Each structure stands twice: as structure tokens, then as C-alpha cells.
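**Q** First, the structure itself, so that you have it in front of you.
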Amino acid sequence: MNWRVYILAVTTFAVGLVELIVGGILPNIAEDLHVSLATAGQLITIFALVYAISAPVLLSLTAKVERKRLFLISLFIFTLGNLMTFFSTTFIIVLIARIFTAMSTALVIVLSLTITTKIVEPKHRAKALGLVFMGVSSALVIGVPMGIFITEAFGWRAIFLGISILSTLSMILIALLLEKMPIGEVVPLKAQIKSLANLKILTAQLTTLFMLAGHYMLYAYLTPFLVEAFDMSPSWISICYLIFGIASVSGNAVGGWVSDKIGTSKAIILIVSAFAIVLFSIPYTIIALPLFLVFTVLWGALSWALTPPLQNYLIQTDPKSSDIQQSLNTAALQIGISIGSAVGGAMFALTDSVMHLASFGTILVLCALGCAIFSIKRAPLGQEQHGDYQSAHHNS
């Protein structure tokens, strides 16, 4: 396998840190910039929304730019955005910086995946893509607890200086060691949007959107939830995020295993239903920390378990547009994060409590369940083959 894939994996780790790391340090940012926690939470909302829009739009607009050059430009803008955050003095400056980093992150991650498929032999492609995805997953697992630790030791701005240094090192390595990439075929944005005219496809994508929206109603404000429920210290909050992150990454494997065992459509219904039950139960588990941690593991695993069966379902439903659908599914995921954190922030601001957010999040997850049932009943899955899962999982 081409060793340059490891450089791309390190790069996705660096850019992957910037999205979720804010969640663990919201109180620090809010206090330092003199805004409310709900307002600080919109840093997650704006990032996810811009990311979702940027991925398909920027790829279409930059279709004629050589891939290595575009990769380096994106990383340079990403680095500047993080330095802008480091030197920021107001919330507005941080918000603008988040827009720049979201746009560049979307391009860097998509380009990392497309470049990976071009520099490795077909027989190593699945393993190589897995390594790149591992970069993003690792950022999720250790990013938030690492961010809390760094914030306690050096202040929250130091995190973004560190990310800037990592991305600069990635830029140097890519400039020196990565060969130029030919421009491949890019699906026009109009064609991507047109594919959503099919109700079977649209409601499947909405399943992801509502699931993540319900999830982020609470997850975006997990730090204030832990403080309100348990009066947790930063070290314990860091441990909770680490537990959640490890469970989340394992969720991909769980989702694939369940899909293999009972079939794609049944797996989707089971996972979304179980997620709704667990999310609704979270506020009632705070009577005992061990009980809460058990449900945190379930919550984390189920939050990512939907991805393999749903992407497999999209491939089975419309194989011809499978590449487009996987791209749109990433956009739906980010829009869901944006909606969930925005609505969660609004509810938090109105009530000054995070305890009720799980209940409202569950309503959105039930919307996801309704969309899944609607789509599955109308999708031609009668010829569903177990063997198709493996290729779908690799492509996801």
C-alpha cells in the first residue's frame, strides 16, 4: 500500500479535530468571549452548516483545479482560520474563522478520500480508505478530551494554535511528498440535487438528518449537562467524552454486524428505534453515575451505528447514483448536526437548563424513524443481498 496514505490520514486527523473539539470547551469560550453558552454553541451549528453546503458546492466550483494544488490551498486557508481563532478578541471573529475552517475542512476531507483512491492499487483501496477515515475517527475519540486537558493547562486558544501547527506540518509533507493529481470527473451540483427528487432517496437522507439533529440536541451541550447533572470536574468530563468517543467509533462495526445479521432495512429500523429509547432515557439515568456511563456507551455506539446500513441501503436503492448519495449523506449528517445544535441552543437559552434537551431530541429521532419506515416500504429491497454489505461498508 502507498505510504503516502498515512500522510493523508494524519491530515484528516488534524482537520477533523476542529469541528467537535469546541463542544467540550464551550463554557471556557463563552466565559472568555462574554457570551452565553447557547450562543457559544452556535460555533458548532455554523461549522456543520457551512461544511454541509461547502462540500458539494466547492467541489463543483473547483472542478478544473489540479487536486494537489487545491489540497494545499485548502490546508493553507484552514491554517489561517485556526490562527485567526487563536488571535481572536471577539465572538464574531471566532465565528468568521469557523466559516473559513469549515469550508476548508470539507474540501480537505473529500480530497483526502479521492486522492487516496488514485494513489493506491484497487486491492488495497478499502484498507487505505479505512486508514483515512480512522484519522477522522481518532480526532473524535481523543479530540474533545485532549481539548479539555489543553484548555485547563494553557487556555482554549492554545488548542487552535496546536491545530495550526499540525496542519502546517501536513502542508509541508504534502508539498514535498505527494505527486500532482490529474483532475477527475466531478458530478455537477445540479445532478446531485436532482437525485433527491426520488422520495425513496430523499426520505433515506432525511433519516440521517433527523437522527443527527436529535443526537446533537443534547450532545452539543454535553459539557453543561454533565456539570448540571453531576457537578463534574474537567478531568471527569474529559473521561466521559473519551468513553463516548470510543463507543462512537465502535458503532460503525456494530452497525455493520447488525446489518449482516438481520438485513439492511431491519437494521436501520432497529438502530433508530433503540437510539430513540436510549436518548430519551439519558436524563433519568443521572440518579447514579455508573448507570449514566452505561447509557453513555449505548448512546455513543448507536449514534454511529446507522452509517453502514444506511449507506448500504442507499447503494441498493439506486446503485447508479451511489457516489452522489454517499456525498449527499455526509451533507445530510452535517445539516443534522447544525439543526440539532441550533435548536438545542435555542431551547437552552429559553429555559436555562439542558435537562430537557434529550426529550426534544427524541422527537427528532422519531421523525427519523418515520422517514426510514416511509423509505423502506417504498424501496425495492426484495433482492437485498447480504454480500453487498462488505463493498458498501468499504465505500462508506
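Coordinate-derived values only; no laboratory data. Bear in mind the structure is a predicted one, so any value in this text is a computation, not a measurement. For neighbour counting, all protein chains shown are included, and Cβ atoms are generated from backbone atoms with ideal geometry for every residue, glycine included.
**Q** Full extension from Ala274 to Lys118: what is 0.36 nm times the residue separation minus their Cα-Cα distance, to one decimal in nm?
**A** Values: separation 156, 0.36 × 156 = 56.16 nm, distance 3.87 nm.
This chain segment gains 52.3 nm when fully extended.
**Q** Can you give the FRET efficiency to the nearest 0.05 for Leu199 and Asn2, using r as the Cβ-Cβ distance and R₀ = 30 Å? It would help to have the intermediate numbers written out before the result.
**A** Details: r = 41 Å, r/R0 = 1.38.
E(calc), rounded to 0.05, equals 0.15.
**Q** Cross-link candidates for Lys127: which lysines have Cα within less than 20 Å, leaving aside residues fewer than 8 places away along the same chain?
**A** Qualifying lysines at Cα under 20 Å: Lys118.
**Q** Between Leu169 and Leu366, what is 0.36 nm times their sequence separation minus the Cα-Cα distance? Round to one decimal in nm. Could you put the intermediate results ahead of the total?
**A** Numbers: separation 197, 0.36 × 197 = 70.92 nm, distance 4.40 nm.
So the extension gain works out to 66.5 nm.
**Q** Return the lysines within reach of Lys266: Cα separation strictly under 26 angstrom, same-chain partners fewer than 8 residues apart disregarded; answer none if there are no such residues.
**A** In chain and number order, the partners are Lys200, Lys320, Lys377.
**Q** Between Ile287 and Ser60, what is the label-point separation in nm under the 7 Å Cα-to-beta-carbon projection?
**A** The modelled label-to-label distance comes out at 5.3 nm.
**Q** Note the direction-averaged projected area, equal to a quarter of the hull surface, for the Cα convex hull of segment 151-220, in nm². Provide the component values of the computation, followed by the final result.
**A** Working: hull surface 35.9 nm².
Result: a mean projected hull area of 9.0 nm².
**Q** Write down the radius of gyration of the chain and its Dmax, each obtained from C-alpha positions, in Å.
**A** 20.1, 58
**Q** Neighbouring Cβ atoms within 10 Å as the yardstick, rank Tyr241, Tyr221, Tyr284 fewest first. If you can, show how the numbers build up before the last one.
**A** Details: Tyr241 29, Tyr221 26, Tyr284 11.
Going from least to most buried by this count: Tyr284, Tyr221, Tyr241.
**Q** Any chance you could run the full-extension gain for Ala158 through Ile96? It's 0.36 nm times the residue separation minus the Cα-Cα distance, nm to one decimal.
**A** On the way: separation 62, 0.36 × 62 = 22.32 nm, distance 1.83 nm.
In short, 20.5 nm is gained.
**Q** Would you kindly calculate the translational diffusion coefficient of segment 1-186, applying Stokes-Einstein with the Kirkwood radius from alpha carbon pairs, for 20 °C and a viscosity of 1.002 mPa s, and quote it in µm² s⁻¹ without decimals?
**A** Values: Rh = 16.7 Å.
For the chosen part, D equals 128 µm²/s.
**Q** Now for a separate question. Just need the relative contact order of the chain here, percent rounded to a whole number, with Cα pairs under 8 Å and 6+ apart. Don't jump to the answer; show the numbers that get you there.
**A** Values: 632 pairs, mean separation 104.1, N = 396.
Once divided by the residue count of the chain, the mean separation gives 26 percent.
**Q** Using a Förster distance of 41 Å, how high is the FRET efficiency between Glu179 and Leu80, based on the Cβ-Cβ distance and rounded to 0.05? Can you show the working numbers first?
**A** Values: r = 25 Å, r/R0 = 0.62.
Taking R0 as 41 Å, the efficiency between Glu179 and Leu80 is 0.95.
**Q** Next up: With the radius of gyration and the Kirkwood radius both derived from the Cα set of segment 40-92, what is their ratio Rg to Rh? Display every interim value, and only then the final one.
**A** Values: Rg = 13.4 Å, Rh = 12.8 Å.
Result: Rg/Rh = 1.05.
**Q** Using the Cα gyration tensor of segment 90-140, with a ≥ b ≥ c the square roots of its eigenvalues, what is the shape: rounded (a/c below 1.5), prolate (a/b larger than b/c) or oblate (neither)? Intermediate values should be presented prior to the final figure.
**A** Values: a/c = 7.21, a/b = 2.59, b/c = 2.78.
Oblate, since a/c reaches 1.5 and b/c is not below a/b.
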